[in-house]
Amino acid sequence: TDDFTISVYHSNKVLFQGEKAIEEFEKWAKVLGVETDIVKPIPQTAYMNEFYKMTIIGSDEVGTGDFFGPVIVCAAYIGPESKNLLEGLNIIDSKRISDQQILVLGEKLAKLIPHSVLITDNHKYNELVEKGFNLNKIKAYLHNHALKKVIQKKPDYQRLIVDQFCSEKNYYEYLIGQEIIKDISFYSQAESISEAVAVAAIIARFHLLLE
């Protein structure tokens, strides 16, 4: 919801995030008989989960819900050296940040963080559609290329995370015939799970506003 996100991992770990995360957790804790007084609240922006200490390349897209304007994909690299750079910038889901804040924060992040931005304008989009591409195939091509460009700069990553927009099977089928970047972890609402994806989304939206 707008107030909290619940992420459930295959390891059976459950992460509550957001303004009303504690309130929501306490409801479940009461039902399940969990002692709430031993649980310390984690700040929403800390991204304290299994990816916290990993070197991640995250990728996200913006502009796909608009009739006019470009489709933009950004992949961003967050390694150990990035943690100090991001401290105090209050990285959160970009959908919760105003346009004015995005213009300031996005510009800072674009200077600090290794990343790749790909912009597909309306003319190019229409050309691709005429060749038989649908929106998801266009996004798959953009994510694949953005990841490839960041990996060339920063090959020391541990995980690749993409905000999921189609099934994993379809994603790779869209890319048949291309040099495919594989071993990607796909998550819905990945911005709330991975700081790298959140940073990528903010930079992408910054460029969308400029466009």
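The values are calculated or read from the model by the stated rules, or taken from the named source; none is laboratory data. A quick note: this is a predicted structure, and the numbers were derived from the prediction, not measured. Using ideal geometry, Cβ is built from the backbone for each residue, glycine included, and neighbour counts are taken over all protein chains shown. Accessible surface areas use protein heavy atoms only, side chains included; no ligands, DNA or RNA. Shrake-Rupley method; radii C 1.70, N 1.55, O 1.52, S 1.80 Å.
Would you be able to tell me the number of residues in the range 171-191 that are of a type outside the set (Val, Ile, Thr) and closer than 22 Å to His10 by Cα? Walk me through how you get there before you give the answer.
Going residue by residue through the range 171-191, those that are of a type outside the set (Val, Ile, Thr) are 171-175, 177-179, 182-183, 185-191.
Subsequent filtering for residues that are closer than 22 Å to His10 by Cα retains 171, 182-183, 185-191.
Total satisfying the criteria: 10.
Of Asp93, Asp156, all but one fail to be among the acidic types (Asp, Glu) and surrounded by fewer than 19 Cβ atoms within 10 Å (Cβ to Cβ); the exception is Asp156.
Considering (1) under 22 Å from Phe68 (Cβ atoms); (2) out of contact with any His (no Cβ under 7 Å at 6 or more places or on another chain); (3) not in a helix (DSSP H, G or I), the lone condition that Glu127 does not fulfil carries the number (3). Just a yes or no: is a residue in the range 135-149 open to solvent by less than 80 Å² (accessible area, probe 1.4 Å), in a loop (DSSP other than H, G, I, E, B), at pLDDT 95 or above and not aromatic (Phe, Trp, Tyr)? No, there is no match, as no residue in the range 135-149 is open to solvent by less than 80 Å² (accessible area, probe 1.4 Å), in a loop (DSSP other than H, G, I, E, B), at pLDDT 95 or above and not aromatic (Phe, Trp, Tyr). The number of residues in the range 150-193 being of a type in the set (Ser, Thr, Tyr), modelled with pLDDT under 95 and in a helix (DSSP H, G or I) comes to 1.
Inspect the range 93-104 for any residue being of a type in the set (Gly, Ala, Ser) and in a helix (DSSP H, G or I) and give the result as yes or no. Show your work before the answer.
Taking the range 93-104 and keeping what is of a type in the set (Gly, Ala, Ser), we get 94, 98.
Filter once more, keeping what is in a helix (DSSP H, G or I): 94.
Scanning the range 93-104 turns up at least one residue that is of a type in the set (Gly, Ala, Ser) and in a helix (DSSP H, G or I).
Of the residues making up the range 159-171, those that are open to solvent by less than 40 Å² (accessible area, probe 1.4 Å), within 14 Å of Ile56 (Cα to Cα) and out of contact with any Gly (no Cβ under 7 Å at 6 or more places or on another chain) number 3.
Cβ-Cβ distances below 9 Å connect the following pairs, each with a first residue in the range 12-40 that is part of a helix (DSSP H, G or I), a second residue that is surrounded by fewer than 10 Cβ atoms within 10 Å (Cβ to Cβ) and at pLDDT below 80, and a separation of six or more residues or different chains: Ala21/Pro41; Ile22/Pro41; Phe25/Pro41; Ala29/Glu35.
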